[in-house]
Amino acid sequence: MKIDSIIFDLDGTLWNSIEGVCEAWKVVLKRHSNINKIITPKDIKASMGLQIDEIGKLLFPEEDEKMQLQLMNECCDEEKLYLGEHGGKLFAKLEPTLNKLSQKYKLFIVSNCEDGYIQSFFKAHGLNKYFTDFECSGVTGLSKGENNKLIIKRNSLKNPVYVGDTLKDFESAKIANIPFVYARYGFGDVNEYDYVIDSFEEMLTLDL
């Protein structure tokens, strides 16, 4: 089977935004003096790959659902502003690797993020020129697996693969019935995969 396209997860696969997200969330929590909570990099790492409502429940279990949603909306808005200006930490040799991959495959992003988060990644680092399309749960309300299927249908893809770093990413590839490339350098631990890479640049040497 000849691969014609690559769908990427964002966090833990293309960049590490944890430091910037923590800074943005500090700003939001200062507005809520009644909430005695410090969001740490460990907290953010644990929430990577989850949908917004799931993150709210994980990070603010003592709050009711309405307050969880309010906090998540405020935090998401603040982090998009921060990351759009300051960016995140791109994984080593990301852009030259994307450049080479884009000459051979159509490239996409599917993430469980809010609307505007992928755009912040593009704005800060100018990488949108390498991608054909992108989708997220914040726009569609769908799971990552369903968004993979949406991207596949919308772009008439024949043989895509999905690249990600968490169990949720593996499950999303399985739902879409496409091969999974495990980015082992990322945030998660996955035991089942079709391919594995230990650096982003290794995408160039995979026998796809």
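Values in this text are rule-based calculations from the coordinates and carry no lab data. In this text, all values refer to a predicted model and were calculated from it rather than measured experimentally. Here the Cβ positions follow ideal geometry from the backbone for every residue, glycine too, while neighbour counts run over all protein chains shown.
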Cα extents of region 18-86 along the principal axes, largest first, in whole Å, come to 32, 26, 18
Taking Cα pairs closer than 8 Å and at least 6 residues apart, the relative contact order of region 18-86 in percent is 44 percent
What FRET efficiency would be calculated for the residue pair K153, K26, taking the C-beta separation as r and a Förster radius of 45 Å, to the nearest 0.05? 0.65
When the scattering of the chain is computed by the Debye formula from its Cα atoms alone, each counted once and equally, what is log10 I(q)/I(0) at q = 0.11, 0.12, 0.16 Å⁻¹? -0.49, -0.59, -1.03
Picking from S137, S102, S156, which is most flexible by a Gaussian network model of the chain using Cα springs under 10 Å? S156
Sort out for me the Cα centre separation of region 48-77 from region 120-182, rounded to whole Å. 23 Å
Between N73 and K174, what is the label-to-label distance in nm when each label sits 7 Å out along the Cα-to-Cβ direction? 3.5 nm
Report the label-to-label distance for A46 and A92 in nanometres (one decimal), using points 7 Å from each Cα along the Cα→Cβ vector. 3.0 nm
What number in nm² do you get for region 6-56 if you take the convex hull of its Cα atoms and divide its surface by four? 4.0 nm²
Considering only the chain, what is the antiparallel percent among its DSSP beta bridges, to the nearest 5? 10 percent
Cross-link pairs beyond the 30 Å C-alpha cut-off, checked among K123/K153; K80/K144; K2/K123; K100/K158; K42/K106; K2/K144: K2/K123; K42/K106
State, to one decimal in nm, how far the label point of E65 lies from the label point of T132, with both points 7 Å from Cα in the Cβ direction. 3.9 nm
